[in-house]
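Enquirer: Here it is, the structure, as structure tokens.
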Amino acid sequence: MKAVQIRAYGGQAEAVDIDDPAVGPREVLVRVSGVALNPLDLKIASGSVQGFFPVQFPYTLGTDVSGTIAEVGAEVAGWSVEDRVVARLDPTQGGAAAEFTTVPADQLAKAPASVSLPLSAGIVTAAGTAWQALTEVASLRTGQTVLVHGGAGGVGSFAVQFARDIGARVIATASGAGVDIALKLGAHEVVDYKVADFTESISGVDVVLDTVGGENEARSLEALRPGGLLVALPVPPDVERAVARGLRAEFVFHTSAAGRLAAVVRKIDDGAHILLDRMLPLTATPDAMNHLRDGKAAGKVILVADKIV
Ligand SMILES: NC(=O)c1ccc[n+]([C@@H]2O[C@H](COP(=O)([O-])OP(=O)(O)OC[C@H]3O[C@@H](n4cnc5c(N)ncnc54)[C@H](OP(=O)(O)O)[C@@H]3O)[C@@H](O)[C@H]2O)c1
């Protein structure tokens, strides 16, 4: 089968022919339909997160996958050939960017019925992380106010919708056309971070979801109410600095969980929107990665495996 691999940290992604994967007794073989790229794929490929996610080469790229089950392992119950599924693969193993991939059966969720199968891949890490951050880490409640940075980005676009659904007041940051996108997704108020300093107009929020990091993390503390919570995504936050100011700070370490994935699938079938930047064939993975690296993606970049040959 064809697969898109790198042979070293910093190496170019290339389509190669490899053997079809063998299916373990508790796994299913998935015929890949869509692979959603995330900043993590870029970090893994560059080697910048090899302390957390060491990989072996050659490494088949991709963690977020949608597809149809082509074969079911001997001990698997509850899943059948032709079922439409989504899953997050172990980042240290990768494997999504290929014609076929194997998935442990306990990591599968049914794909949403309301969107195309390739597009479904776009929910896996982005929506899963937004859900984990808001409902599990922050325990966001009706009536609270949340500031979502990057409200038109991969994670942020889902976080805006989920927070609004929870009944929170939602403030977002975005830039350019992203301002309108975040408003349409349900933000009550959006600050264009390239035009205005959010700390000048936003204060007293209960929760900040920081998808940016660095200086943005430090400045986000100014927007929180006393005792408020900073939820950090790019890197673990400076907890001591937050505590010294009477605040809290927590890191989200997104993990694969079929139950959480099933919850976000329900949100999609209930009408949540998957913000799509573009779909490209799997063979265009290097271009897709460059596009994401350049910060030009407005929403999910999805590789479509049906177009691999
Ligand atoms: N800890 C975890 O488990 C976990 C899980 C998922 C993601 N992450 C991390 O979270 C970060 C975001 O991921 P993503 O998938 O949402 O990335 P993404 O799709 O590339 O979106 C990033 C967004 O951030 C916006 N942005 C850039 N600079 C900004 C600033 N100064 N203020 C406000 N917004 C700004 C961009 O808006 P413009 O296009 O307008 O610039 C873009 O919409 C990445 O670092 C990723 O690795 C961590």
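The values are calculated or read from the model by the stated rules, or taken from the named source; none is laboratory data. This is a predicted model, so every value here is computed, not measured. Reconstructed Cβ throughout: ideal geometry from the backbone, glycine too, with neighbour counts over all protein chains shown.
Enquirer: Take the conditions in contact with a Phe, Trp or Tyr (Cβ under 6 Å, 6 or more places away or on another chain), aliphatic (A, V, I, L, M) and not assigned by TED's automatic domain parsing to the domain that holds Ile44 and apply them to Ala258. Does it pass?
Expert: no
Enquirer: Taking Val146 as meeting all but one of (1) touching an Asp or Glu at 6+ places or on another chain (Cβ under 7 Å); (2) surrounded by fewer than 22 Cβ atoms within 10 Å (Cβ to Cβ), write down the number of the exception.
Expert: (2)
Enquirer: Restricting to the range 275-301, name every residue that is within 12 Å of the ligand (Cβ to nearest atom) and either outside any helix (DSSP H, G or I) or of a type in the set (Ser, Thr, Tyr) (or both).
Expert: Leu275, Leu276, Asp277, Asp294, Gly295, Lys296, Ala297, Ala298, Gly299, Lys300, Val301
Enquirer: Read through the list (1) without any contact (Cβ under 8 Å) to a residue 40 or more places away in the chain; (2) among the β-branched types (Val, Ile, Thr); (3) in a helix (DSSP H, G or I), then give the number of the only condition that Val235 fails.
Expert: Looking at each condition in turn, Val235 falls short on (3).
Enquirer: Okay, next question. Of the residues Ala126, Ala109, Ala96, Ala133, only one is assigned to a strand (DSSP E or B), touching a residue at least 60 places away in the same chain (Cβ under 8 Å) and under 16 Å from the mean Cα position of the chain (by Cα); which?
Expert: Unique residue meeting the criteria: Ala109.
Enquirer: If you scan the range 208-232, which residues turn out to be within 10 Å of the ligand (Cβ to nearest atom) and not in a helix (DSSP H, G or I)?
Expert: Leu209, Asp210, Thr211, Val212, Gly213, Gly214, Val231, Ala232 - these are the residues of the range 208-232 that are within 10 Å of the ligand (Cβ to nearest atom) and not in a helix (DSSP H, G or I).
Enquirer: Given Asp83, Asp64, which one is in contact (Cβ under 8 Å) with a residue 60 or more places away in the chain and in the same structural domain as Gln12 (by TED's automatic domain parsing)?
Expert: Asp64
Enquirer: I'd like the residue in the range 256-300 that is among the basic types (Lys, Arg) and within 28 Å of Ser46 (Cα to Cα) and, out of all such residues, is surrounded by the fewest Cβ atoms within 10 Å (Cβ to Cβ).
Expert: The residue in question is Lys296.
Enquirer: Regarding Ala223, is this residue of a type in the set (A, V, I, L, M), surrounded by 16 or more Cβ atoms within 10 Å (Cβ to Cβ) and farther than 26 Å from Pro91 by Cβ?
Expert: yes
Enquirer: Being in contact with a helix residue (DSSP H, G or I) (Cβ under 9 Å, 6 or more places away or on another chain) and surrounded by fewer than 24 Cβ atoms within 10 Å (Cβ to Cβ) is the filter; apply it to the range 169-182 and report the residue that is farthest from Phe158 (Cα to Cα).
Expert: Arg169
Enquirer: So which pairs qualify, if the first residue must be in the range 21-40 and free of Cβ contacts under 8 Å to residues at least 60 places away in the same chain, the second must be among the hydrophobic types (A, V, I, L, M, F, W, C) and away from the ligand (no atom under 16 Å from the Cβ), the Cβ gap must be under 7 Å, and the two must be at least 6 apart or on different chains?
Expert: Sorted first by the residue in the range 21-40, then by its partner, the pairs are Pro25/Ala74.
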